[in-house]
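A quick write-up on the structure given underneath.
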Amino acid sequence: MLTANEYKEIIDSFDVENNPKYQNDEYTYCNVFAYDVSMACVTPLPDADCNNMSMLLSGNKWPYWYSVDFLNAQQRANMGRPTIAITSSHVAVVRPSESEIDPDTFTKRDVCITQAGRSLLAASTLNYGWSPYTDEWNEIRFYSWYYPSEL
């Protein structure tokens, strides 16, 4: 199992904001970035576009990746568990938070992410990956890797 610091170091090692592999051209590479992070963590995601990745994860059909709510997504990332936020058109890696989270005041907007895509964000929050004022905001799903010893 990874520690939160190890997980954060893996995410940061990809230098998403400067890595030419993730620079958008006529395409964006959010799914490639999320897949690369998952492989570096030895917690493989489906190697697919966002829509297919989302469909393969839905219903907890992909081994060891399970649906969680936004609070559990952040809590698990803070424990070093690889975690993502995904819709049919975008995926972001949930990263450990730099501060303690208060479950009573923590909101979906506060989920910490790293993403490739239209915007390359090394350390941001969910509301910069998706606009809270769109229908897609309500479609965001969270998945986290569960090690066999956690099942």
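Looking across the range 132-151, the residues that are closer than 29 Å to residue 13 by Cβ and of a type outside the set (D, E, K, R) come down to 140, 142, 143, 144, 145, 146, 147, 148, 149, 151.
Here residue 48 meets each of (1) open to solvent by 50 Å² or more (accessible area, probe 1.4 Å); (2) more than 22 Å from residue 112 (Cα to Cα); (3) among the small types (Gly, Ala, Ser) with one exception, condition (1). Looking only at residues that are hydrophobic (A, V, I, L, M, F, W, C) and outside any helix (DSSP H, G or I) in the range 12-36, which one is least open to solvent (accessible area, probe 1.4 Å)? Among residues in the range 12-36 that are hydrophobic (A, V, I, L, M, F, W, C) and outside any helix (DSSP H, G or I), the one least open to solvent (accessible area, probe 1.4 Å) is 16.
Residue 3 meets the conditions (1) of a type in the set (S, T, N, Q); (2) within 26 Å of residue 132 (Cβ to Cβ); (3) out of contact with any Leu (no Cβ under 8 Å at 6 or more places or on another chain); (4) surrounded by fewer than 21 Cβ atoms within 10 Å (Cβ to Cβ) in every case but one. The failed one is (2). Let me spell it out: the conditions are (1) under 30 Å from residue 26 (Cβ atoms); (2) of a type in the set (A, V, I, L, M, F, W, C); (3) open to solvent by less than 70 Å² (accessible area, probe 1.4 Å), and residue 39 meets all of them except one. Which number is the exception? So the condition that residue 39 fails would be (3). The range 63-151 holds strands (runs of 3 or more DSSP E) entirely within its bounds, and those carrying 3 or more residues that are open to solvent by 30 Å² or more (accessible area, probe 1.4 Å) and in contact (Cβ under 8 Å) with a residue 12 or more places away in the chain map to 121-125. List the pairs whose first member sits in the range 31-56 and is within 15 Å of residue 89 (Cβ to Cβ) and in contact (Cβ under 8 Å) with a residue 60 or more places away in the chain, whose second member is in a loop (DSSP other than H, G, I, E, B) and open to solvent by 50 Å² or more (accessible area, probe 1.4 Å), and whose Cβ atoms are under 8 Å apart, counting only residues at least 6 apart or on separate chains? Pairs that qualify, where the first residue is within 15 Å of residue 89 (Cβ to Cβ) and in contact (Cβ under 8 Å) with a residue 60 or more places away in the chain and the partner is in a loop (DSSP other than H, G, I, E, B) and open to solvent by 50 Å² or more (accessible area, probe 1.4 Å), are 31/49; 54/88.
The values are calculated or read from the model by the stated rules, or taken from the named source; none is laboratory data. Computed from a predicted model, the values in this text were never measured in an experiment. In this analysis, Cβ positions are derived from the backbone assuming ideal geometry, glycine residues included, and neighbour counts consider all displayed protein chains. Side chains are part of the model used for accessible areas, which takes the heavy atoms of the whole protein and leaves out ligands, DNA and RNA. Shrake-Rupley method; radii C 1.70, N 1.55, O 1.52, S 1.80 Å.
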